[in-house]
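Asker: The structure that follows is given in the form of structure tokens.
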Amino acid sequence: ICMDSGVNMIGFEELTYLFNIKSNTRGICRLNFDEAAMLYKYTKKDDIGDVVEIGRMHGGSTVIMSSATTGIVHSIDIRMQPNVRKNIESFKSNIRLIHGDSSTIGYNWSIPVSLIFIDGDHSLSGATKDDKAWKNHIKIGGYMLLHDILLCNDPELDPDIKKFNLVELLPLLPNFEQ
């Protein structure tokens, strides 16, 4: 455990307690193990600085991000689950819990961030609102990670798109082409 600046930076292998081993339930972390590993990897990348998490549920992904960076994890959710403060207790030194509508907060945001993890409103329209509200706050070379936003029952979505259940990365580079 690295205690620089009062922040608990630990390796991903130390976070397995966040996951429940039963296949029909989830632990504190609602991500699949491979998704959580990718989130940890990109949060840790070059100790990128402040990050934003949209949608925290029980705080599992908040802990993953907090343990991977010395920057501040600005964790936004529209409601506070009763167990969140307990779940993040060991990592709270670099976590800032924010309550409210993520797109409204995004339009009024003034802090540049290196990574935004969108895991709030899983509808295409909700994710689109978050994208529009937040994309201009990401530093050049930063990342926007989107979690399972396309796994909705929207009949207008292409079936090939619906099958993805991975964290998608969008490097924000000046010449990025989709």
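Asker: Heads up, I need the accessible area for residue 31: 1.4 angstrom probe, whole protein in place, Å², nearest 10.
Answerer: Using a 1.4 Å probe on the heavy atoms, I get roughly 10 Å².
Asker: Considering only protein heavy atoms, with the full assembly of protein chains and a 1.4 angstrom probe, order 99, 147 by accessible area, largest first.
Answerer: These residues rank, largest area first, as 99, 147.
Asker: Give me a comma-separated list of calculated 3J(HN,Hα) values for the stretch 97-114, in order, Karplus coefficients 6.51, -1.76, 1.60 applied at θ = phi - 60°, integers in Hz, x for any Gly or Pro.
Answerer: 7, 10, 10, x, 6, 4, 6, 5, 4, x, 5, 9, 6, 10, 9, x, 10, 9
Asker: Same structure again: Run the numbers for residue 14 and residue 132: contour at 0.36 nm per residue of separation, minus the present Cα-Cα distance, in nm.
Answerer: So the chain would gain 39.0 nm between residue 14 and residue 132.
Asker: Ordering 92, 45, 86 from largest to smallest accessible area (1.4 angstrom probe), what's the sequence?
Answerer: 86, 92, 45
Asker: Would you mind checking which residues have amide H under 5 Å from residue 30's amide H? H placed 1.01 Å from N; only 5 or more apart, or other chain.
Answerer: Result for residue 30 returns 60, 61.
Asker: Of the accessible area of the stretch 20-101, with the probe set at 1.4 angstrom, what percent is carbon plus sulfur?
Answerer: 52 percent
Asker: Then there's this: So who's got an amide H within less than 5 Å of the one on residue 144, skipping anything under 5 residues away but keeping other chains? H placed 1.01 Å off N, in plane.
Answerer: 116, 170, 172
Asker: Residue by residue through the stretch 61-67, what is 3J(HN,Hα) from phi via Karplus (6.51 cos²θ - 1.76 cosθ + 1.60, θ = phi - 60°)? Round to whole Hz and write x for glycine and proline.
Answerer: With coefficients 6.51, -1.76 and 1.60, one gets 5, 4, 5, 4, 5, 4, 6 Hz.
Asker: Could you check the spin-label model distance between residue 93 and residue 123? Points 7 Å from the Cα along Cα→Cβ, value in nm.
Answerer: With each label point 7 Å from Cα toward Cβ, the separation is 4.2 nm.
Asker: For each pair in 45/139; 86/135; 44/135; 45/86; 92/135; 92/139, compute the distance between the two Cα atoms and list the pairs where it is over 22 Å.
Answerer: 86/135; 45/86; 92/135; 92/139, as the Cα separations exceed 22 Å there.
The values are calculated or read from the model by the stated rules, or taken from the named source; none is laboratory data. Note that the structure is a prediction, hence the values are computed from the model and not measured. Here the Cβ is made from the backbone with ideal geometry for all residues, glycine too, and neighbour counts use every protein chain on show. Accessible surface areas use protein heavy atoms only, side chains included; no ligands, DNA or RNA. Shrake-Rupley method; radii C 1.70, N 1.55, O 1.52, S 1.80 Å.
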